[in-house]
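The values are calculated or read from the model by the stated rules, or taken from the named source; none is laboratory data. Remember, predicted model here, so these are calculated numbers, not experimental data. Virtual Cβ from ideal backbone geometry, glycine too; neighbours counted across all protein chains shown. Note: areas computed on protein heavy atoms with side chains; ligands, DNA, RNA excluded. Shrake-Rupley method; radii C 1.70, N 1.55, O 1.52, S 1.80 Å.
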Amino acid sequence: MWLIFSNFAGNNKNTPKMKIRLLFSLLLLCATAATLPAANVYWFDGRQHVSYVRQKKLSPVVEQAIDLFSADMTAVTGRNAQEKSNGQIVIFQLDLLDNKEFKQLTALHVPINKFIARPEAFYIGLRGQNIVVAGSDARGTAYGLLELSRQAGVSPWTETGLPPERRRTLSMDSKTEILQWPATAVRALQPFSNTRRDFDNDDYRKLFRLMLRLRLNTLVPDSHTEHHATGKAFRHFAQEQGVDIATVRQCEGAETLDLAYIGDASHELSLSTPQPGIVADQLDRAARTADRRPWLVRIHRPTCADFALQLFADMAWSHTPAGSDRLTNRYRTWLAGLFGDVAAQKLIPLMTDYYRLTGICKPELLEYADFNEGEFGNELERYIAAYKSLARRLDSVDGTIDRERKTAYEAAIKYPVTAAAITVEMNLQAQEARNIARPGLFYRDREALAAAANSLRAYDRLKELNARMGNRRPTPMPKLPGKLTDKQVKQYATDEQPELQPLPAQLGSTVALNAAAYSSASAGTARQPMTGHSMNAVRLPRGGVVRYTFMAKEDNPAVVRVATIPRSGTNYQVSIDGTQTQTAYTRIATADLLRGQTVVSFNFRVPKGLHTLEIKALSDGVTVDQWMFDFDINRQFYMFPVTDY
């Protein structure tokens with residue numbers, strides 16, 4: 001087989017007749033092999049280097065992909081990939097083939113007519129013992145070669161310091177044929193910042209390599225980072241990684257996924273991201289429209305949005321549904337690929353809890369939330385306690401992470417969870433101090449002083465953590481009713497934990513349930529995991545109905561509060577026992593995005609006894625998260641007091 005490619009090295013001295021005989025023998029061999037049972041073809045046998053042969057002329061991005069692929073093979077096999085005249089992996093870039101190379105490719109019966117006219121397409125297939133990687137253009141060829149890296153177990157996140165698992169051998173089924181091209185032409189990323197110090201050239205180099213591996217092809221600088229894009233060196237490096245530079249105007253009307261902020265620049269989310277279920281649902285809906293709009297993801301720290309960013313890149317490339325019903329398993333598989341099966345089994349319940357807590361409120365935006373210390377046994381302290389418990393449980397996973405994966409684990413898991421827990425304590429203790437302190441009496445109120453001191457102590461811990469993790473953004477101070485000296489912080493700060501009573505004992509006559517606890521549901525109703533405060537919201541089709549049975553313990557006016565996942569223009573009806581039907585027309589406010597729920601109240605009066613609550617969707621897009629039946633019509637609260645998380 002290798003003789004047919006010896007022309008790449010320029011050393012072929014065979015006569016034309018000999019070439020014809022060799023080519024005929026090759027084709028006969030391929031035809032014979034096609035009739036044999038499928039078997040694995042090894043492209044790393046544990047002894048020899050992975051080898052490749054390439055055409056004479058390739059684009060810079062393909063050269064870069066070859067360098068990355070060679071480094072990947074070193075990480076996977078302990079040996080770099082080597083270029084040889086008889087290399088097993090054969091690389092073709094169709095738009096730069098000369099006549100001789102085109103004839104050689106044609107002789108291999110690669111189905112070029114299926115992808116030659118498609119931008120960024122690639123083909124991978126076996127011909128005898130050789131693996132053919134052919135791209136329609138520069139990016140397609142680069143993506144095809146890096147797909148081999150993926151097949152070898154190399155994650156795109158190797159660029160963030162995550163090494164792949166060592167492999168003794170690498171093989172491919174002899175029937176393997178991979179043919180791919182992008183479903184979305186423009187797959188853009190905007191690194192969002194509110195300071196020029198957030199990104200430097202080294203950061204961009206790493207980001208461009210990550211984008212190449214994720215098959216994102218366009219960078220959109222924001223107003224604070226666009227100064228980088230004016231430099232020739234910057235644009236040259238972007239081109240080497242197959243990344244175009246576009247303006248915000250060029251991406252107007254794009255399908256946009258915000259992993260960096262909501263609403264405006266004052267609402268940055270540098271620690272946490274939307275819940276995986278929210279991301280998957282948005283991308284599934286975008287893929288179903290099948291239009292040609294660009295897809296744009298806005299992001300601050302890629303390592304803190306890794307799974308969501310991976311979902312975006314995969315969906316933008318293929319438009320294959322993310323599969324909300326299979327999302328938890330997909331996330332578990334993704335975690336296992338990064339940190340191993342043992343760690344993944346331990347991490348999945350912890351990260352599910354993390355996304356539940358961030359869905360209740362983004363840690364960075366807690367100063368805008370209004371938790372009520374006087375409701376449901378102090379919902380403010382309950383939220384702080386939930387985060388502290390999560391951080392403690394995560395500590396038990398640290399020892400299961402391999403030493404070489406520690407850096408990636410710290411960036412992708414440990415830092416977001418720990419920083420969120422500290423931020424929650426800092427901001428909610430500050431809120432408690434503001435609520436407790438009476439005007440002019442802050443320095444005489446020991447309880448308010450203790451809450452303020454605890455907030456400042458958490459602030460110092462957060463600064464230390466950010467400095468250790470290389471987060472150069474300034475850590476905002478908590479808003480307190482007065483200033484405290486370091487001496488006062490030491491004097492008043494306390495490690496005493498409040499005695500929180502079991503939540504059911506705090507409910508009285510109130511009934512609160514997750515939407516998934518329905519007694520019956522119409523056809524087409526689907527649970528949406530990793531979504532909402534319940535982490536298992538219920539999506540209704542137009543006309544779909546869910547019913548719940550509950551007990552009214554009093555004969556007094558009551559209120560039914562229904563929490564849905566925020567989405568403008570959705571309508572639904574609520575009724576009890578088939579009567580008193582009321583309709584909600586939802587419109588999203590910034591507070592809804594902060595809370596992760598749109599809450600609508602309906603006034604009812606029913607007698608004591610057993611009743612049926614019915615929620616009916618009047619439009620598409622109705623996703624119910626939780627509901628509550630409450631005799632305290634004017635209750636001020638933040639979290640639905642559901643006990644079965």
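Here the Karplus relation 6.51 cos²θ - 1.76 cosθ + 1.60, evaluated at θ = phi - 60°, turns the backbone of segment 282-289 into coupling constants of 4, 5, 4, 5, 5, 5, 5, 6 Hz, with x for every Gly and Pro. Around the amide H of Val297, modelled in the peptide plane, lie the amide H atoms of Ala188, Leu189, Gln190, Leu257, all under 5 Å away and 5 or more residues distant in sequence or on another chain. Amide H to amide H distances under 5 Å link Tyr52 with Gln82, Glu83, Lys84, Gln88, Ile89, where only residues 5 or more positions off or on other chains count and H is placed in the peptide plane. Helix 306-318 and the longest principal axis of the Cα set of the chain meet at an angle near 50°. The mean sequence distance of close C-alpha pairs (under 8 Å, at least 6 residues apart), as a share of the length of the chain, puts its relative contact order at 10 percent. Using the 1.4 Å probe convention, the accessible area of segment 396-455 works out to 40 Å² per residue with neighbouring protein chains retained. For Cα extents along the principal axes in Å, computed directly from the structure shown, the correct entry in (1) 99, 63, 46; (2) 80, 68, 53; (3) 92, 75, 52 is (1). Computed from Cα positions, the angle between helix 415-436 and the longest principal axis of the chain comes to roughly 20 degrees. Placing +1 on each Lys and Arg Cβ and -1 on each Asp and Glu Cβ, with no other charges, gives the chain a dipole about its Cα centre of roughly 2060 debye.
Roughly how many Å² is the accessible area per residue of segment 309-382, as a whole number, for a 1.4 Å probe? The partial results should precede the final answer.
Values: 2470 Å² over 74 residues.
With all protein chains present, segment 309-382 gives 33 Å² per residue.
Pairs Lys346/Lys406; Lys206/Lys388; Lys463/Lys487; Lys100/Lys175; Lys388/Lys463: which are spaced more than 23 Å apart, C-alpha to C-alpha? Show your work: numbers first, answer last.
Numbers: Lys346/Lys406 16 Å; Lys206/Lys388 33 Å; Lys463/Lys487 19 Å; Lys100/Lys175 27 Å; Lys388/Lys463 18 Å.
Long pairs (Cα-Cα over 23 Å): Lys206/Lys388; Lys100/Lys175.
Let me have the relative contact order for segment 68-135, percent, based on Cα pairs under 8 Å that are six or more residues apart. Worked out over segment 68-135, it gives 33 percent.
State to the nearest 20 debye the size of the charge dipole of segment 490-628 about its Cα centre, where the only charges are +1 on K and R beta carbons and -1 on D and E beta carbons.
On the way: 13 positive and 10 negative charges, 89 e Å.
For segment 490-628, the charge dipole is close to 420 debye.
Diffusion coefficient (Stokes-Einstein, Kirkwood radius over C-alpha pairs, 10 °C, 1.306 mPa s) for segment 441-514: 105 µm²/s, rounded to a whole number. The HN-Hα couplings worked out from phi for segment 441-458 by the Karplus form 6.51 cos²θ - 1.76 cosθ + 1.60 (θ = phi - 60°) are 10, 4, 6, 10, 9, 5, 5, 5, 5, 5, 5, 5, 5, 4, 5, 5, 5, 5 Hz, whole numbers, x standing for Gly and Pro. Placing +1 on the Cβ of every Lys and Arg and -1 on the Cβ of every Asp and Glu, with no other charges, gives segment 318-448 a dipole of roughly 360 debye about its Cα centre.
Surface composition of the chain: carbon and sulfur make up 49 percent of the accessible area, probe 1.4 Å.
At full extension, Thr583 and Asn372 could sit 73.1 nm farther apart than now, given 0.36 nm per residue minus the alpha carbon distance. For Ile245, the residues whose modelled amide H falls within less than 5 Å of its own, excluding neighbours fewer than 5 places apart on the same chain, are Leu219. Think of the chain as a dipole: +1 on every Lys or Arg Cβ, -1 on every Asp or Glu Cβ, centred on the Cα centre; then among Val606, Met530, Leu593, Met530 lies furthest on the positive end.
With a 1.4 Å probe and every protein chain left in place, work out the accessible area per residue of segment 486-645 in Å², rounded to a whole number.
On the way: 7360 Å² over 160 residues.
I get 46 Å² per residue for this part.
For segment 466-589, the pair-distance distribution built from all alpha carbon pairs, in bins 10 Å wide starting at 0, is 8, 25, 24, 17, 17, 8, 0 percent. In the chain, with Lys and Arg counted as +1 and Asp and Glu as -1 at Cβ, which of these residues, Val424, Leu259, Trp334, has the Cα nearest the positive end of the dipole, that is, farthest along it? With unit charges placed on the Cβ atoms, the residue in question is Trp334. With θ taken as phi - 60° and the Karplus curve 6.51 cos²θ - 1.76 cosθ + 1.60 applied, the whole-hertz 3J(HN,Hα) list for segment 533-548 is 5, 7, 6, 7, 5, 10, 9, 9, x, 4, x, x, 10, 10, 10, 9 Hz, x standing for glycine and proline.
Positive end of the dipole of the chain (Cβ unit charges, origin at the Cα centre): among Gly78, Gln573, Thr303, the Cα lying farthest that way belongs to Gly78.
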